[in-house]
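Any read-out appearing in this document is the output of simple, stated calculations on the displayed coordinates, not a laboratory observation. Quick caveat, the model's predicted, so the values are computed rather than measured. All Cβ positions, glycine included, derive from the backbone under ideal geometry; neighbour counts span all protein chains shown.
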Amino acid sequence: MTTARIDILVLDAHGVVLNNPFKSFLGNLASLTGEKVESVQRRWDEEIRTAAWTGKITDPELWVALRGNHSTCPTECQSLLEALYEVGPAAPYLESWGKKTSIWLLSNHRSHWLIPRLRRFDLVKHFDRVLISDEMGVAKPNPKAFAPILEEVDSPKSVLFVDDQSRNVEAARELGIVGIDLNQTPYWAKQVEEALNKSNGEG
């Protein structure tokens, strides 16, 4: 892992701080519209995702793109998506980790969707800074997404980044940031705890 002091712990939103219900949502959307799940997923991945997360399209445009040729949405779809959200695996640790280092959120998302969700689960208070792709105009794994973080530290090794997407973790590591892939590391929370304890002279 690292023996350097961790000045900033950076967490992803989907799959880390919150659960990631988007795949389930796309499946439910396919059921509503009668489309094949594979078609909806492909349209999201290839035509919508980057534009949605970088703020290049409006909400109405996003829902039109998601529903394809079907009239169902946006009200029913938005409610369906919100109902799927729960706190993620990192949520129980935020209070204790926040006592040991500064916690930032770095998310590919839409600010006016994500912030209310964080507030709903009383999670906003744990973050010293929230970086969301639509406001930055760039999404992970683009290296530019990490620029505001690196500007705050003397060394990238003093940043610990946790994400559930391998491509994002690899992008961070290429910049010298210490990265943990939550889905590939069963004891990821223990590794975070150990890194924070070491940097604070504990253990």
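Would you mind working out the magnitude of the charge dipole of the chain relative to its Cα centre, with +1 at each Lys and Arg C-beta and -1 at each Asp and Glu C-beta, to the nearest 20 Debye?
Magnitude of the dipole: close to 60 debye.
Mean-square fluctuation check for the chain, GNM, Cα pairs under 10 Å: which of Asp163, Asp45, Asp12 is largest?
Asp45
Can you compute the charge dipole magnitude of segment 22-83 about its Cα centre, using +1 on each Lys and Arg Cβ and -1 on each Asp and Glu Cβ, nothing else charged? Give it in debye, rounded to the nearest 20.
With only Lys, Arg, Asp and Glu charged at Cβ, the dipole is about 120 debye.
Could you give the angle, 0 to 90 degrees to the nearest 10, between helix 22-33's Cα long axis and the longest principal axis of the Cα atoms of the chain?
0
Mind pulling the angle between the C-alpha long axis of helix 188-199 and the longest principal axis of the chain? Nearest 10 degrees, somewhere in 0 to 90.
30
Which residue, His126, His14, His112, has the most motion in a Gaussian network model of the chain that connects Cα atoms within less than 10 Å?
Result: His112 has the largest fluctuation of those listed.
Summing -39500 (n - 2.57) over the DSSP H runs of n ≥ 4 in the chain and dividing by its residue number, what mean residue ellipticity at 222 nm do you reach, to the nearest 500 deg cm²/dmol?
Result for the chain: -11000 deg cm²/dmol, rounded to the nearest 500.
Describe numerically, in nm with one decimal, the distance between label points set 7 Å from Cα along Cα→Cβ at Ser111 and at Val153.
Label-label distance for Ser111 and Val153, simple model: 2.4 nm.
Taking K and R as +1 and D and E as -1, what net charge do the other residues with C-beta under 11 Å from the C-beta of Val16 add up to?
Once all neighbours under 11 Å are counted, the net charge is -4.
Mind pulling the angle between the C-alpha long axis of helix 111-120 and the longest principal axis of the chain? Nearest 10 degrees, somewhere in 0 to 90.
In the chain, helix 111-120 runs at an angle near 70 degrees to the longest axis.
When we measure straight from the Cα of Lys23, which lysines land under 25 angstrom away, once same-chain ones fewer than 8 places off are left out?
Once the sequence-local lysines are set aside, what remains near Lys23 is Lys36, Lys56, Lys140.
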